[in-house]
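J.: The structure under discussion is supplied below as structure tokens; questions concerning it will follow.
The values are calculated or read from the model by the stated rules, or taken from the named source; none is laboratory data. As the structure is a prediction and not an experimental result, all values here were calculated from the model. Positions of Cβ are generated from backbone atoms using ideal geometry, with glycine treated the same way; all protein chains shown enter the neighbour counts.
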Amino acid sequence: MNKDKKILMRPKYIGKPIERFEDSKYLSGNAKYTSDINIDKMLQLVFVRSDESHAKIKYIEYKEALKLEGIIDVLTFKDFSELNQITSPSRMSNYFATYQDVVAKNKVRYVGEIIAVIVAKNRYVGEDALELIEVDYESLDPVIDPEEAASNNKILLHENIGSNVILERSFSHGTKDYIKSKNIKSVSGKFKLSRKSPIAIENRCYLSDYDIGSGNITLYSSTQIPGVIRDALSKILGIAGNKINVKALDVGGGFGGKGSLYPEEIIVTYLSKKLKKPIKWTSDRLEDFLTTSQAFEEIIEAKLFFDDDGKFISLEGDVIGNIGAYSIFPWTGALEPVQVIGFLPGPYDIKNFHGNVKCVVTSKSPTGPYRGVGRPAAVFVLERLVDMAAKSISMDPFTIRMKNLIDTKNLPYRIGSGIIWNDAGFKECLEKSKNSNFFKEIIDIKNKKKCNRTWIGYGISTYAELTGIGSKISVAPGMPINTGSETATIEIDGTGSVSGIFAIASHGQGLETTLAQIIADEIGIKPEDIKITHGDTSKAKHGTGTYASRSAVIGGGAAIKTARVLRKKILKVAAYLLETDPNNIEIIDGIISSLNTNKSINFSELANSVYSDMETLPVELRDSLYAKESYDPIFGATTTATHIALVEIDKQTLKVKVLKYLVSEDCGKVINPMIVDGQVHGGVAQGIGVALLEKINYDNQGQLTTANLVDYKIPTASEIPKIDVVHTEHFLPENLGQFKGMGEGGTIGAPAAIANAVADALSDYNININELPVNQEYLFQLLKNGEIR
Amino acid sequence: MKPSKFAYVNAKTLDEALLSLKQPEAKIIAGGQSLVPLINYRLSQPSTLIDISSIIELSQISVQDHKLEIGSLVTHNQAITSKDITKFLPIISFALEHTAHKTIRNSGTIGGSAAHADPSAEWPLLIMLLDCSINIISYKNSRTILAKDFFISELTTDLKEDEIIKSFNFPKIKQNYGWSFEKIVQRSGDFALFSAGSIIEIDHNIIINSKLCVGGAGETPIRLSNIEAIIKGKNIESNFDITNDQFLSLLNPTSDEHASMEYRLYIGPQVIRNVLINSIQNYKDNKND
């Protein structure tokens, strides 16, 4: 058979919309979450949590609780004195770490902080005990308003820091000479992005099983970062890493909320070792709202300078981030606010940039990573300013963007904050969106639907993000943990079946399928025949987990690198068996064939000759069919997209409805278009939540007033329109596989596009959409102040 | 969020349920859509939960000469799909489509919703709007109470601890009429920020009677008797000349996480005006059919 012809026949799985292998278990209710595991003699924890946002603990009275049948013990900070405090170091100058006792010692700093631990036979009796425990507080003034907390040192949350500002950082690039220029114009605003909760369907859950015989601990954790947790627990508990196995089984969504270390995780593990019992804690929704890391809450003052032609001259920004009570591990509380200022210049050619960021601690729940980290806020602010600039000089929103987007030929390009953009189709994505049928349709709808019942408008947002970040760049600024590499192990067992083992941890992204597609193409087998294992630190010894749009890029790169090594081993053995040269062998869907004879073998025969049959192969060829490689892309891959939203605002109710939505994106090589589209859809849905509905609210005493899914509104299917996705594949040649991360993009672009659409719909009025979410109440306040109508 | 300890009785008959209800702190559970969150938050700590969902006689819908009698166990979905309800009081089916989501509508019951008495919910508004009377039974006696006397304040009704709601009498409307229901929400399926329903009975283009009720505007659903009086006797083509102040005079909304009092006062007159206009339009549409 002709060699070229045969290669042509080899199926390619990358690029195919293969149905997700993991869906059958998810959709049939057969997924196995941490909470589904129950172990004999298992005890449950119930936490006594602070009712006050800022107070000294005077005493805790729990004698009555101990009397209840089924209560094993009630523990306070004294019982955890041997544990180190949680602290998140950083190499950033002017950064002050916070120190959190796993169980609060004498002061609480947010409602929900752990004061005592009830060890109970079950959760019911544990909650009975909770009612009998009295905590006497000496209330301190809450620290709520970040602007006030930043300037006022009278009320300190962390006395040892001497200020409520844990980090202040400035960026400056270029000059400020433009201020003197005659032709300079500017637009500015004070923008706010409300605090939000990640809201995974599965609440956090931890189960630690201590094996008395071996002294080994298995922590089942609903975490995104099993590797980071294993390393942290090893340090905090003083146990060797090989004695702790962190297993993230099926995890029901993360969105960043399961991407940090939590006190509950430490307590569960510590107590299982101390009590020599399996210990479990399952968060309920109330605890999830109170304690799972929250997102955003920034105040951003920004100003964009441009000339008469709409060419951007300079950008100035001042960010105050309200990070909550503690700086979260391992990312630090600076993660979000610093990235807001870092990503503020966006994908535009802006020669001058001057930015400042302050991270302020307040007596609210700690904030942490959330889908898009920093970029939803940065893009919201910049894209609003871009539209405001366009409006002020009567320029079309496409034209002003096209004029200022970085041209591909100028890449790599270092923006004013220092981020370097590499191969990405900024202008291509924008052009594709404008030339799409979708855009024609929305202009059509906009013109046709003009009526006296609604205002209608469309909005664009264009952004760039850094994904699949290698070791040269910290995912979190100044973080001393390397997150730039991942490992893949691929092995063939005695039956000839192939397993891929990864340290990344899928929590619904479809990585089990996409990684199988990658390995399938490299080796020449069917994706459905590959078993992907992830989220188990005993199986993958090094690797951090899944966050920051890294798993397909770095995990996928590791898969390619490893598969290539394994393929060489396969070919070497097969060449001997098929009596040919390795170069004369092709592997198609698990059949290994000689190209110049009609001989072929399957993987079972291959494995049999290597592992079992001691006659066919000479000893030196019986090397195990195993490979393990790690991959580090060194830098990051730039992903970009343009979003267009069409919205309608009811003139009576002031309710905003998203009618249509388009995402024109470049995530490099698309591994599975169905999964990519699904990730885009989910991201946009969360972005619609940010734009229109979701708002975590604390009152002026630091009490959370939106602690359930009635008061805290996440969008339902009814609020999500049909979302069209257009792909551009702009490759990064140095990256193995040419993949770029895309899981966060939907959430990054949507708030800005919708805000711009709302502003467009209300363009006849002198208003500024500078706060999200835009709900009825928000528009009503604008209306009341005479800004609409 | 686990309930405190309670005994559970799966009552097979009304008598058994009523007998069990004599125990102190006992509580009836039907669909559990309001009670279960309350007991999980331990805001309610009943000693005994008496599950009445097996009592078949409470889940009937019967058409009688002058009324529709709806058993207290009738679920929202049962009401939506009932041919009798859709025929005689289509506003019920229409309004209930706005109640939460299908899974909740499959479990939630009219009796549970009425007993919970959320002033933003659909059933309480419909019960008040449609001049419903409520058949209540206890171990000792039974009584019938008018909706306006039943709803006392937010989450509070006239129902005594030993009583069970047996059924609801919805009077049939004799005249030709038009109806309308409108609900303002932030998100589909939410409790109303403001809602209104109306029934306008019309004879030869003259409004001879009307019912107008709003939700989310005070401690209970509120019948706007002042507006009902203003429009009575008017020609449907005439301009009603109702001022915003007249629309608002009986309303007493408050601010909460979902909307401010001011927003409710802003949206209120518009929604009420809409349901009046739409009811008349509905009458005209039906007449032309």
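J.: Mind listing whichever residues of the stretch A:584-599 are part of a strand (DSSP E or B) and either of a type in the set (Lys, Arg) or crowded, with 16+ Cβ neighbours inside 10 Å (or both)?
T.: Within the stretch A:584-599, A:Ile585, A:Glu586, A:Ile587, A:Ile588, A:Ile592, A:Ser593, A:Ser594 meet the criteria.
J.: Mind listing just one residue for me: the one in the stretch A:771-789 that is under 26 Å from the mean Cα position of the chain (by Cα) and either buried (at least 20 other Cβ atoms within 10 Å of the Cβ) or free of Cβ contacts under 8 Å to residues at least 12 places away in the same chain (or both) and, of those, nearest to the other protein chains (Cβ to nearest Cβ)?
T.: Among those that are under 26 Å from the mean Cα position of the chain (by Cα) and either buried (at least 20 other Cβ atoms within 10 Å of the Cβ) or free of Cβ contacts under 8 Å to residues at least 12 places away in the same chain (or both), it is A:Asn775.
J.: Of the residues B:Ile231, B:Ile200, only one is in contact with a Gly (Cβ under 6 Å, 6 or more places away or on another chain) and either of a type outside the set (Val, Ile, Thr) or more than 14 Å from chain A (Cβ to nearest Cβ) (or both); which?
T.: So the residue among B:Ile231, B:Ile200 that is in contact with a Gly (Cβ under 6 Å, 6 or more places away or on another chain) and either of a type outside the set (Val, Ile, Thr) or more than 14 Å from chain A (Cβ to nearest Cβ) (or both) is B:Ile200.
J.: Further question on the same structure: Return the residues of the stretch B:243-253 that are closer than 15 Å to B:Thr220 by Cα and within 14 Å of chain A (Cβ to nearest Cβ); say none if nothing qualifies.
T.: Passing the criteria: only B:Pro253.
J.: Counting just the residues of the stretch A:154-199 that are hydroxyl-bearing (Ser, Thr, Tyr) and in a loop (DSSP other than H, G, I, E, B), which one comes out nearest to the chain's Cα centre (by Cα)?
T.: A:Ser197
J.: I want to confirm something. Restricting to the stretch A:402-435 and keeping residues that are farther than 28 Å from A:Pro477 by Cβ, in contact (Cβ under 8 Å) with a residue 60 or more places away in the chain and touching a strand residue (DSSP E or B) at 6+ places or on another chain (Cβ under 6 Å), which single residue is surrounded by the fewest Cβ atoms within 10 Å (Cβ to Cβ)?
T.: A:Glu428
J.: If you take just the helices (runs of 4 or more DSSP H) that sit entirely in the stretch B:213-289, which of them hold at least 3 residues that are loosely packed, with under 15 Cβ neighbours inside 10 Å and among the small types (Gly, Ala, Ser)?
T.: Values: elements: B:225-231, B:244-248, B:261-288.
Per the criteria, no element qualifies.
J.: Considering each of A:Gly459, A:Gly494, A:Gly470 in turn, give the residue that is touching an Asp or Glu at 6+ places or on another chain (Cβ under 8 Å) and surrounded by fewer than 24 Cβ atoms within 10 Å (Cβ to Cβ). Break it down stepwise before answering.
T.: Details: A:Gly459 fails: surrounded by fewer than 24 Cβ atoms within 10 Å (Cβ to Cβ); A:Gly494 fails: touching an Asp or Glu at 6+ places or on another chain (Cβ under 8 Å).
On inspection, the qualifying residue turns out to be A:Gly470.
J.: For the stretch B:5-23, name all the residues that are within 14 Å of chain A (Cβ to nearest Cβ) and surrounded by 15 or more Cβ atoms within 10 Å (Cβ to Cβ).
T.: Passing the criteria: only B:Phe6.
J.: Okay, moving on. Out of the residues in the stretch A:129-153 that are more than 17 Å from A:Ile60 (Cβ to Cβ) and assigned to a helix (DSSP H, G or I), which is nearest to the other protein chains (Cβ to nearest Cβ)?
T.: Filtering the stretch A:129-153 for residues that are more than 17 Å from A:Ile60 (Cβ to Cβ) and assigned to a helix (DSSP H, G or I), the one nearest to the other protein chains (Cβ to nearest Cβ) comes out as A:Pro146.
J.: Can you work out which of the residues in the stretch A:705-753 that are farther than 26 Å from A:Glu465 by Cβ and touching a Leu at 6+ places or on another chain (Cβ under 6 Å) is nearest to the other protein chains (Cβ to nearest Cβ)?
T.: Result: A:Lys713.
J.: Okay, moving on. Would you pick out the residues in the stretch B:184-197 that are more than 10 Å from chain A (Cβ to nearest Cβ) and part of a strand (DSSP E or B)?
T.: Selection gives B:Ser195, B:Ala196, B:Gly197.
J.: Answer with yes or no whether B:Ser133 is modelled with pLDDT of 95 or more, more than 14 Å from chain A (Cβ to nearest Cβ) and either surrounded by fewer than 23 Cβ atoms within 10 Å (Cβ to Cβ) or within 20 Å of B:Ala30 (Cβ to Cβ) (or both). So that I can check it myself, show each step before the final result.
T.: Working: modelled with pLDDT of 95 or more: yes; more than 14 Å from chain A (Cβ to nearest Cβ): yes; either surrounded by fewer than 23 Cβ atoms within 10 Å (Cβ to Cβ) or within 20 Å of B:Ala30 (Cβ to Cβ) (or both): yes.
Criteria met by B:Ser133.
J.: Still on this model: How about the stretch B:27-49: which of its residues are closer than 26 Å to B:Ser120 by Cα and assigned to a strand (DSSP E or B)? First the steps, then the outcome.
T.: Filtering the stretch B:27-49 for residues closer than 26 Å to B:Ser120 by Cα gives B:27-46, B:49.
B:Lys27, B:Ile28, B:Ile29, B:Leu49, listed by residue number.
Residue-by-condition table, conditions (1) within 26 Å of B:Ala11 (Cβ to Cβ); (2) in a helix (DSSP H, G or I); (3) at pLDDT 95 or above:
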{"position": "B:Leu68", "(1), (2), (3)": "yes, no, yes"}
{"position": "B:Ser93", "(1), (2), (3)": "no, yes, yes"}
{"position": "B:His98", "(1), (2), (3)": "no, no, yes"}
{"position": "B:Ile104", "(1), (2), (3)": "yes, yes, yes"}
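J.: Filter the stretch A:708-724 down to the residues that are within 22 Å of the chain's Cα centre (by Cα) and among the hydroxyl-bearing types (Ser, Thr, Tyr), then identify the one that is nearest to A:Asp288 (Cα to Cα).
T.: Only one residue tops the list, namely A:Tyr712.
J.: Within the stretch B:264-279, is there a residue that is more than 14 Å from chain A (Cβ to nearest Cβ) and either in contact with a helix residue (DSSP H, G or I) (Cβ under 8 Å, 6 or more places away or on another chain) or modelled with pLDDT of 95 or more (or both)?
T.: Yes - at least one qualifying residue is present in the stretch B:264-279.
J.: crowded, with 24+ Cβ neighbours inside 10 Å and either hydroxyl-bearing (Ser, Thr, Tyr) or not in a helix (DSSP H, G or I) (or both): which single residue out of A:Val386, A:Val379, A:Val360 fits that description?
T.: So the residue among A:Val386, A:Val379, A:Val360 that is crowded, with 24+ Cβ neighbours inside 10 Å and either hydroxyl-bearing (Ser, Thr, Tyr) or not in a helix (DSSP H, G or I) (or both) is A:Val360.
J.: Can you confirm whether A:Gln679 is away from chain B (no Cβ under 14 Å), surrounded by 21 or more Cβ atoms within 10 Å (Cβ to Cβ) and either part of a helix (DSSP H, G or I) or more than 19 Å from the chain's Cα centre (by Cα) (or both)?
T.: yes
J.: Go through the stretch B:142-162 and count every residue that is in contact with a strand residue (DSSP E or B) (Cβ under 8 Å, 6 or more places away or on another chain), aliphatic (A, V, I, L, M) and part of a strand (DSSP E or B).
T.: 2
J.: Name the pairs: first residue in the stretch B:154-170 and at positive phi and assigned by TED's automatic domain parsing to the domain that holds B:Arg143, second residue of a type in the set (A, V, I, L, M) and surrounded by fewer than 19 Cβ atoms within 10 Å (Cβ to Cβ), Cβ to Cβ under 7 Å, at least 6 apart or on different chains?
T.: Here the result reads none, with nothing in the stretch B:154-170 linked to a residue that is of a type in the set (A, V, I, L, M) and surrounded by fewer than 19 Cβ atoms within 10 Å (Cβ to Cβ).
J.: Need pairs with beta-carbon distance below 6 Å; first residue touching a residue at least 60 places away in the same chain (Cβ under 8 Å) and within the stretch A:271-291, second among the basic types (Lys, Arg); sequence gap 6+ or separate chains.
T.: Taking only residues 6 or more apart or on different chains, the pairs are A:Lys277/A:Lys41; A:Ser283/A:Arg204.
J.: Turning to a different aspect of this structure: In the stretch A:636-644, is there at least one residue being surrounded by fewer than 23 Cβ atoms within 10 Å (Cβ to Cβ) and either modelled with pLDDT under 95 or within 14 Å of chain B (Cβ to nearest Cβ) (or both)?
T.: Let us first name the residues in the stretch A:636-644 that are surrounded by fewer than 23 Cβ atoms within 10 Å (Cβ to Cβ), namely none.
No, the stretch A:636-644 contains no residue that is surrounded by fewer than 23 Cβ atoms within 10 Å (Cβ to Cβ) and either modelled with pLDDT under 95 or within 14 Å of chain B (Cβ to nearest Cβ) (or both).
J.: Another question, then. Those residues that are surrounded by 22 or more Cβ atoms within 10 Å (Cβ to Cβ) and either touching a Lys or Arg at 6+ places or on another chain (Cβ under 7 Å) or β-branched (Val, Ile, Thr) (or both), I need them from the stretch B:97-119; list them, please.
T.: Those that are surrounded by 22 or more Cβ atoms within 10 Å (Cβ to Cβ) and either touching a Lys or Arg at 6+ places or on another chain (Cβ under 7 Å) or β-branched (Val, Ile, Thr) (or both): B:Thr99, B:Thr109, B:Ile110.
J.: Name the one entry in A:Leu646, A:Leu659 that is under 40 Å from the mean Cα position of the chain (by Cα), within 23 Å of A:Gly346 (Cα to Cα) and part of a strand (DSSP E or B).
T.: Only one candidate qualifies: A:Leu646.
J.: Would you check which residues across the stretch B:24-43 are away from chain A (no Cβ under 14 Å) and either surrounded by fewer than 16 Cβ atoms within 10 Å (Cβ to Cβ) or small (Gly, Ala, Ser) (or both) and list them?
T.: Residues satisfying the conditions are B:Pro24, B:Glu25, B:Ala26, B:Ala30, B:Gly31, B:Gly32.
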